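The values are calculated or read from the model by the stated rules, or taken from the named source; none is laboratory data. Everything quoted here is computed from the prediction, not taken from an experiment. When we count neighbours, we look across all protein chains shown, and the Cβ atoms used for this are built from the backbone with ideal geometry, even at glycine.
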Amino acid sequence: MIASTNEPSLPKPGGGILARRGMWPAVCALAFFCLAGAGAGAVWWLQQRYAVPTAAEYLAKAGPNARFVAAGALAFDGETFACGRFPTIFNARLDDYGAAFFGFVLLNPARFPTLPPIVKRYAYAHECGHQYVGYDEGEADCYAIRRGRREGWLDAQGLDAICDFIGRSKGDAAHALGLRRCAMMRQCFARARPGREQL
C-alpha cells in the first residue's frame, strides 16, 4: 500500500510562537516590566511598613504637643546635650523618657527632666546612639557608656547610679532585663578608655 501524500506533516522541532522573529524581545521586555513593577511594589510596601518619619513629618503628625530643638541647642542643668547634627523633638505624649527615630532624638519634656543628672546624660547618649548603631538596644547602651567615658562625664560611681535606675527595668521585646543590661554596660565600661574611646 502506498502512503498518501495528503497526510499532515509533523511540526518541525524548535517551532512555535516564540520561535518567530521579533517575539523574544517582546517577551523579554514584558518579563522585565513585570519584574520591575513587582520590585517597585515591594519597595513601596516596605517603605510603608518600615519607613521612619522625617523630623518635619513627625512634628506635623504630633501637632502642638511636639517642639523642635535644633542640634546643639538642647540644655539641662546648665549642660549642653548634643547628638552631632541630629535635632531633638520634645513630645509630651511620648510614653517613655526618650526614644529615637533615625534622624532625630525624642524626649518627653515632663519625664526626662526628672531623671538624675548622670542618668539624663546616659539616657540622652543612649537615644543618640541609635543614630549611629541602629535600633539594637544593647549597642545603644554600649555607645552611651563609651561616649560617657570619652567625654569624661561617666565614672564608676556614675555607672552605679545608672545601674540603680536601669536595674529595676523588667525589660520588653526590645530591651533586655535591667540587670542584664547593667551587666553588659559594665563590660563596655571596663573595655572603654577615658578620653580616648572611639565611638
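Which members of the stretch 107-118 meet the condition of being crowded, with 19+ Cβ neighbours inside 10 Å and touching a residue at least 40 places away in the same chain (Cβ under 8 Å)? Quick ask: steps written out before the conclusion?
Our first condition is that a residue be crowded, with 19+ Cβ neighbours inside 10 Å; within the stretch 107-118, this holds for 107, 112, 118.
If the condition is that a residue be crowded, with 19+ Cβ neighbours inside 10 Å and touching a residue at least 40 places away in the same chain (Cβ under 8 Å), then ILE118 is the only one that fits.
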Notebook entry, point to check: Based on what the data block shows, is ALA71 at pLDDT 95 or above, touching a Gly at 6+ places or on another chain (Cβ under 8 Å) and crowded, with 17+ Cβ neighbours inside 10 Å?
Noted result: no
Check: Of the numbered conditions (1) part of a helix (DSSP H, G or I); (2) surrounded by fewer than 14 Cβ atoms within 10 Å (Cβ to Cβ), LEU159 satisfies every one except a single condition; which is it?
Finding: (2)
Next item on the list: Could you grab me the full set of residues in the stretch 169-199 that are modelled with pLDDT of 75 or more, assigned to a helix (DSSP H, G or I) and surrounded by 13 or more Cβ atoms within 10 Å (Cβ to Cβ)?
Entry: LEU179, ARG180, ARG181, CYS182, ALA183, MET184, MET185, ARG186, CYS188, PHE189
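Return a yes/no flag: does the stretch 108-123 have any residue that is among the hydroxyl-bearing types (Ser, Thr, Tyr), under 17 Å from the mean Cα position of the chain (by Cα) and modelled with pLDDT of 95 or more.
Residues of the stretch 108-123 among the hydroxyl-bearing types (Ser, Thr, Tyr): 114, 122.
Checking the rest, the ones that are also under 17 Å from the mean Cα position of the chain (by Cα) come to none.
No, the stretch 108-123 has no match at all.
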Next item on the list: Mind telling me which of the residues ILE162, ILE145 ends up being of a type in the set (A, V, I, L, M) and touching a Cys at 6+ places or on another chain (Cβ under 6 Å)?
Entry: ILE145
Next item on the list: Among the candidates GLY129, GLY63, GLY72, GLY148, single out the residue that is part of a helix (DSSP H, G or I) and on the phi > 0 side of the Ramachandran plot.
Entry: GLY63
Check: Out of curiosity, is TYR143 in the same structural domain as PRO64 (by TED's automatic domain parsing), in contact (Cβ under 8 Å) with a residue 60 or more places away in the chain, within 29 Å of PRO53 (Cα to Cα) and not hydrophobic (A, V, I, L, M, F, W, C)?
Finding: no
